[in-house]
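Trainee: Structure provided below as structure tokens; questions to follow.
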Amino acid sequence: MLSQGFRKPLVAVSLTALLTGCQATPNAELRGTGDLGVVVERATGSLAVVDTSEHRLLARVEGLGDLSHASVKFSRDARYAFVFGRDGGLSRVDLLTGTITHRVMQSGNSIGGAISQDGSLVAVANYEPGGVRLFDSETLEPVANIPATYRDEAGQEQRSKVVGLVDAPGNRFVYSLFEADAIHVVNMSGKTPEVTRFTDIGEAPYDALIGPNGRHYIAGLFGEDGLVLLDLWHLEDGVQRILPDYGRGEARLPVYKMPHLEGWAMAGGEAWLPAVGRHEVLVADTDNWSLTGRISVHGQPIFVMRRPDERQVWVNFAHPNNDVVQVIDTERREVVATLSPGEAVMHMEFTPRGEQVWISARDSDRVVIYDTRTLEEVARLPSESPSGIFFTDRAHRIGL
């Protein structure tokens, strides 16, 4: 057992270290970041920093450029938000001080990004020029540039738009090439990128996700029915086609907005996903990836997201049916509620344990918060054209 005399110097050293850390950032509020989040305000190019426990706005960070299709990732310590703007801007925002610490214009048109498993790298998916660029997460200094090249029918080298970029275990990044009908896996565990390419995977992959354990990468196809699956434990097996015939014999409706696969639900050994060009949520067995159910919904699904306990799936929709959200009971496999948060519902985000969900209603200039058990509204926050909502618990989840 330690003596009292031995304990005191340890306490003194600890306090000195704490005070030194506080002095390094004198303007930062001394608080944890676990109940923080951000709301993208697309019309003003700003980011609202929010407290998810107290339902209040803490700060508004401006000067982030074109946020019309922005996404956000968080640093390993959940203090910094990396904002990926549509104009190619990459910004690092300090959530405690409400300031931009670093910002680079890294391309002409980008669509999202990812953080490496060890937190040291930030990857950005670019439309123009097509490819992936990697940056140091502390400084945003460039680390690597990986063009998304392919050969067209005439044999000419072209650049493809990059979509569905996710992080994977082993400091890897995985993404799809829209025009090239391909998937690339980039290994960054060494000093230089090692790229593994899979071609002819299917027509026009438009988005993708990675399972919560980081093993399966799944890309949706816009040019044909079905999805493709890549087992990251066994790259030697190549790409597997799944759900190839879910729309056989049915006419596809006009597609007003592409579904988003990131965030779609893995619940109870099943995958719940949006059907492209149909008013349906599809249910698939994740053991053999066979179609096990179809659930008719209000419109064309955009986000299909599970409550953390997997009992519910929440769905929002494309124009012109984008003023409602529907709740599906995963046990009963039926819609149990239709809610009206406001006009042009853009995104949903559950609190880490799922007791509440935050929903952005862009054209009503508000974020509405619901109790997921009672389905009653508990609060609302004013926000200028809100779109994406992102909470800091994503910092510790693969692919988010």
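Trainee: Sort through Asn187, Asn145 and tell me the only one that's surrounded by fewer than 18 Cβ atoms within 10 Å (Cβ to Cβ), closer than 23 Å to Asn109 by Cβ and within 23 Å of the chain's Cα centre (by Cα). If you could, list the steps in order and put the result at the bottom.
Mentor: Details: Asn187 fails: closer than 23 Å to Asn109 by Cβ.
So the residue among Asn187, Asn145 that is surrounded by fewer than 18 Cβ atoms within 10 Å (Cβ to Cβ), closer than 23 Å to Asn109 by Cβ and within 23 Å of the chain's Cα centre (by Cα) is Asn145.
Trainee: Let me ask something else. Within the range 343-396, take every residue that is small (Gly, Ala, Ser) and in a strand (DSSP E or B) and give me the one that is surrounded by the fewest Cβ atoms within 10 Å (Cβ to Cβ).
Mentor: Ala379
Trainee: Out of (1) closer than 19 Å to Ser75 by Cβ; (2) free of Cβ contacts under 8 Å to residues at least 12 places away in the same chain, what's the single condition that is false for Gly119?
Mentor: (2)
Trainee: Does Leu58 satisfy the condition of being assigned to a strand (DSSP E or B), within 18 Å of the chain's Cα centre (by Cα) and modelled with pLDDT of 95 or more?
Mentor: Values: assigned to a strand (DSSP E or B): yes; within 18 Å of the chain's Cα centre (by Cα): no; modelled with pLDDT of 95 or more: yes.
So Leu58 fails the test.
Trainee: Examine the range 140-153 for a residue that is of a type in the set (Ser, Thr, Tyr) and either closer than 19 Å to Val195 by Cβ or in a strand (DSSP E or B) (or both), and state whether such a residue exists.
Mentor: Start the filter on the range 140-153 by keeping residues that are of a type in the set (Ser, Thr, Tyr), which leaves 149-150.
Subsequent filtering for residues that are either closer than 19 Å to Val195 by Cβ or in a strand (DSSP E or B) (or both) retains 149-150.
Checked the range 140-153: at least one residue is of a type in the set (Ser, Thr, Tyr) and either closer than 19 Å to Val195 by Cβ or in a strand (DSSP E or B) (or both).
Trainee: Considering only strands (runs of 3 or more DSSP E) fully contained in the range 76-124, which possess at least 2 residues that are over 18 Å from the mean Cα position of the chain (by Cα) and closer than 14 Å to Gly63 by Cα? Talk me through it step by step, then tell me what you get.
Mentor: Values: elements: 80-84, 89-94, 99-105, 109-115.
Passing ranges, in order: 99-105.
Trainee: Answer yes or no: is there a residue in the range 331-342 that is hydrophobic (A, V, I, L, M, F, W, C), farther than 28 Å from Gly32 by Cα, touching a strand residue (DSSP E or B) at 6+ places or on another chain (Cβ under 7 Å) and surrounded by 22 or more Cβ atoms within 10 Å (Cβ to Cβ). First the steps, then the outcome.
Mentor: Taking the range 331-342 first, the residues hydrophobic (A, V, I, L, M, F, W, C) are 335-337, 339.
Narrowing further to those that are farther than 28 Å from Gly32 by Cα: 335-337, 339.
Of the ones still in play, those that are also touching a strand residue (DSSP E or B) at 6+ places or on another chain (Cβ under 7 Å) are 335-337, 339.
Filter once more, so that each one left must be surrounded by 22 or more Cβ atoms within 10 Å (Cβ to Cβ): none.
No, there is no match, as no residue in the range 331-342 is hydrophobic (A, V, I, L, M, F, W, C), farther than 28 Å from Gly32 by Cα, touching a strand residue (DSSP E or B) at 6+ places or on another chain (Cβ under 7 Å) and surrounded by 22 or more Cβ atoms within 10 Å (Cβ to Cβ).
The values are calculated or read from the model by the stated rules, or taken from the named source; none is laboratory data. Bear in mind the structure is a predicted one, so any value in this text is a computation, not a measurement. Counting neighbours? That spans all protein chains shown, and the Cβs are built from the backbone with ideal geometry, glycine included.
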